[in-house]
Amino acid sequence: MAAQRPRFASRTAWNLAPNRLARLAEEKRCAGEAFLDLTESNPTRCGFHYEEEAILEALADRRGLKYDPDPRGLLKARRAVVGYYQARQVSLAPDQVLLTSGSSEAYGYLFRLLAEPGANVLAPRPSYPLFEFLSSLNDIELRSYALDEHHRWQIDFG
């Protein structure tokens with residue numbers, strides 16, 4: 001019998017067992033208890049109220065039938081970001097803006113751009129919950145340092 005090959009590369013050999021916080025959240029969900037889940041990343045499950053008609057109207061826009069991607073993000077969206085910053089006295093151009101599908105993708109780009117494989121990258125603890133996965137996926141080693149919640153989340157040099 002041939003040895004079973006791993007499904008993915010060794011850099012993705014993560015422990016996928018739910019941690020204590022995930023287990024507690026699932027228990028509360030199953031019990032029907034109300035709680036604020038700060039790990040929820042799907043905005044449609046967070047109880048936000050959307051302008052449904054405006055969203056549906058935007059989805060019916062015929063311009064959406066043409067596929068014309070820009071790897072930096074839609075020019076209209078990048079211009080909106082520029083406008084946001086201009087209102088705050090920050091000057092930049094749409095060509096200086098790169099939009100990603102989310103923060104995980106942006107961190108992945110930054111790790112690849114700024115760190116060599118095997119490099120050590122410092123991150124605070126507590127921090128962005130996916131840093132460990134993203135660092136291993138991008139072939140870097142994550143090293144953490146503590147923050148002191150009792151002193152305005154400053155670095156705990158002790």
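The values are calculated or read from the model by the stated rules, or taken from the named source; none is laboratory data. Since we're looking at a predicted model, the values are computed, not measured. Glycine also receives a Cβ, built like all others from the backbone with ideal geometry; neighbour counts cover every protein chain displayed. Heads up: the accessible areas ignore ligands, DNA and RNA and are worked out on the full protein's heavy atoms, side chains in. Shrake-Rupley method; radii C 1.70, N 1.55, O 1.52, S 1.80 Å.
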Problem set entry | 1.4 Å probe accessible area per residue over the chain, in Å² | 89 Å²
Exercise. Amide H of Ser144: which non-local residues (sequence gap of 5 or more, or other chain) have their own amide H closer than 5 Å, using H built in the peptide plane?
Worked result: Ala123
Problem set entry | About the Cα centre, charge dipole magnitude for the chain (Lys/Arg +1, Asp/Glu -1 at Cβ), debye | 400 debye
Exercise. In the chain, what percent of the accessible surface is made up of carbon and sulfur (1.4 Å probe, ligands and nucleic acids excluded)?
Worked result: 56 percent
Exercise. Using a 1.4 Å probe, how large is the accessible area of Leu130, given in Å² and rounded to the nearest 10?
Worked result: 70 Å²
Exercise. Could you give the angle, 0 to 90 degrees to the nearest 10, between helix 75-86's Cα long axis and the longest principal axis of the Cα atoms of the chain?
Worked result: 80 degrees
Problem set entry | Fraction of beta bridges assigned by DSSP in the stretch 85-158 that are antiparallel (%, nearest 5) | 25 percent
Exercise. To the nearest 10 degrees, how steeply does helix 20-31 sit against the main Cα axis of the chain, on a 0 to 90 scale?
Worked result: 70 degrees
For this session: Mind sorting out which of (1) 22.1; (2) 20.4; (3) 16.1 is the real Kirkwood radius over Cα pairs in Å computed from the coordinates?
Result: (2)
For this session: Scan the chain and report its longest stretch carrying no chymotrypsin sites (Phe, Trp or Tyr not before Pro) that are both in a DSSP loop and have at most 14 other Cβ atoms within 10 Å.
Result: 68-152
Seminar exercise, completed: Taking alpha-carbon centroids only, the stretch 88-146 lies from the stretch 41-63 a number of Å equal to 28 Å
